[in-house]
Structure formats: C-alpha cells, structure tokens
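Read through the structure below, which is laid out as structure tokens, and then see the notes.
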Amino acid sequence: MPDLCVEVRDRDIIVSAPYSGLSITYRKDRFAPMLEALDHMRGGLSDEELEFLVEAWKAAFRKAKALTRLVELTVPPDHRRLKSSFGAPAWSASSHGRT
C-alpha cells in the first residue's frame, strides 16, 4: 500500500490515503489507554478498504506512541502524573506531520 498521510489535530489522529480518497479518524479517549475510531465501520468492505484500515490503525498507533514518548521526554514526571490524573490527552499540543 502506498504511503499514508498522518495528521494530528488536537485529540484526533487522521490517517488518509490520498491516492484512493480513503480516510479514518482516531481519537484518544481521555480516560482509556486506547485509540477509538470515530468513523463508523460497515460490513461489505472491499479488500482495498480492509487493507487501508489495517495499515491506518498501525500508522495511528505509531504516531500516538511517538507523541506520548515526546510528552514523556519534555514533561517532568511529577507534572505527567498530575496531567494524566485530569485525563488530558498526550498530544493535546497542536502537532502535524507525516509518517
């Protein structure tokens, strides 16, 4: 599958495949350590759509991990614990990029 575009907007990670027009948005729930797909999945997906969803999940997960590591490196441990107790997402700062 050709390169995917990964963009971060507030709490959302948007993964798109410009060549096909496919796109999906993931959001980190403030109180759960997981990403949630905001777009509804329906049955009857084509092989291309299924492959996109698999690769998009991997790209979003990599981006979320990288952003979490970045916050861990830049925020002192005592502030990290305080911030996480309020449920703030790890990537709340505006950040954009491609993977």
For peptides 59-66, 29-36, sequence by mean Cβ density within 10 Å, most packed first: 59-66, 29-36
For region 4-14, Karplus couplings with θ = phi - 60° (6.51, -1.76, 1.60), whole Hz, Gly/Pro x: 9, 9, 10, 10, 10, 10, 6, 8, 9, 10, 9
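Going by C-beta contacts inside 10 Å, put 8, 15 in order with the fewest on the left. Don't skip to the end; give the middle numbers.
On the way: 8 19, 15 24.
Listed from fewest to most nearby Cβ atoms, that is 8, 15.
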Estimated FRET transfer efficiency when R0 is 22 angstrom, pair residue 46-residue 23 (beta carbons, to 0.05): 0.90
Cross-link reach list, aspartates and glutamates versus residue 65, counting only Cα pairs under 16 Å and skipping chain neighbours closer than eight places: 7, 10, 12, 29, 36, 55
Estimated vicinal HN-Hα couplings, Hz - region 38-44 in sequence order (Karplus 6.51, -1.76, 1.60; Gly, Pro = x): 7, 7, 6, 8, 10, x, x
Stretchable slack from residue 66 to residue 12, in nm (0.36 nm times residue separation minus alpha-carbon distance): 18.0 nm
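How would you rank 19, 26, going from fewest to most other Cβ atoms within 10 Å of each one's own Cβ? Walk me through the numbers on the way to the answer.
Details: 19 10, 26 23.
Exposure proxy ranking, most exposed first: 19, 26.
A short reminder: the numbers here are calculations on the coordinates, not readings from a lab. All of these numbers come straight from a predicted model, not from anything done at the bench. Cβ atoms come from the backbone with ideal geometry, glycine included; neighbour counts cover every protein chain shown.
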